[in-house]
Every structure is written in C-alpha cells, then in structure tokens.
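Engineer: Shown below is the structure under consideration.
The values are calculated or read from the model by the stated rules, or taken from the named source; none is laboratory data. Just so it is clear, the structure is predicted and the values come from calculations on it, not from any experiment. Counting neighbours? That spans all protein chains shown, and the Cβs are built from the backbone with ideal geometry, glycine included.
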Amino acid sequence: MADPAIATPPKKKVPLTTFHNHTGQYLDLGRRTPVTITKHGRPDITLAEASYFERLERIAAGQILSVLDLVAVDAADMTSEHAAIFEAARPTSEEITSDRWNDDPAA
C-alpha cells in the first residue's frame, strides 16, 4: 500500500470557462486536490494547495530524502538483511543488456 504522505492526489480537470463561472468552488477544491484548468482542451494551469506545491519544489531542488522523511544509508552501514534484499533485486548482466528486468521479486 502506498504511503499516504507521498501519494499523488487525483487531479480534477476543468475547462477555463467553467472555472471562470465557478471560481470559488474550484478554489476550494484546489485546497483538497490539484485542479487543472484546461484551455482548448489542453492543460493550462494547475491549482494546488501551497504545502503540496512546496513539497514538489523541494523534491525538484533535490531534497527528496527530507521531503519523504527518508535517511540515506551507505552500503557499508546496511544490515545484512537489507544488503541481501538489494542483492536479490540486482538485475543479471543479461537483463541489463536487454534493458528488461523484473523489479518485483514476488512475481
């Protein structure tokens, strides 16, 4: 199950004319989920809650570990259990050559 702290909320798309006619309704909705305003059927502007946008900016600035509350661990400091999980997930040379591998060990 995805972590709710990093889950992407569903986006609502609305034509510019509809947004113009119901501005308050879509501003309120934009506080709960991103709202993309379309122009001629193409995405134009997306309204989003400020904290959501700020998280995206920090991720784009390379601060993804702090945004997701993760800690990077040097391979030498990994537990043997975690090292085994990473080793089991490592693609074979054939998989790398063909640029196709299965990242899901359960499959």
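Engineer: I'm told Gly30 meets every condition in (1) under 30 Å from Phe19 (Cβ atoms); (2) of a type outside the set (D, E, K, R); (3) touching a residue at least 40 places away in the same chain (Cβ under 8 Å) except one. Can you identify the failing condition by its number?
Structural biologist: The number of the failed condition is (3).
Engineer: Quick one: which residue in Asp77, Asp44 is out of contact with any Cys (no Cβ under 9 Å at 6 or more places or on another chain), outside the structural domain of Gly30 (by TED's automatic domain parsing) and not hydroxyl-bearing (Ser, Thr, Tyr)?
Structural biologist: Asp77
Engineer: Could you list all residues from the range 61-100 that are surrounded by 10 or more Cβ atoms within 10 Å (Cβ to Cβ) and closer than 30 Å to Lys11 by Cα?
Structural biologist: Those that are surrounded by 10 or more Cβ atoms within 10 Å (Cβ to Cβ) and closer than 30 Å to Lys11 by Cα: Gln63, Ile64, Leu65, Ser66, Val67, Leu68, Leu70.
Engineer: Oh, and also: Consider Ile45 against the criteria (1) loosely packed, with under 11 Cβ neighbours inside 10 Å; (2) touching a Ser or Thr at 6+ places or on another chain (Cβ under 9 Å): it satisfies all of them except one. Which criterion is unmet?
Structural biologist: Status for Ile45: all satisfied but (1).
Engineer: Another question, then. Consider only pairs whose beta carbons are under 7 Å apart and that are at least six residues apart or on different chains; among these, list those whose first residue lies in the range 35-52 and is closer than 9 Å to Pro15 by Cα and in contact (Cβ under 8 Å) with a residue 40 or more places away in the chain and whose second residue is surrounded by 10 or more Cβ atoms within 10 Å (Cβ to Cβ) and charged (D, E, K, R).
Structural biologist: Taking only residues 6 or more apart or on different chains, not a single pair turns up.
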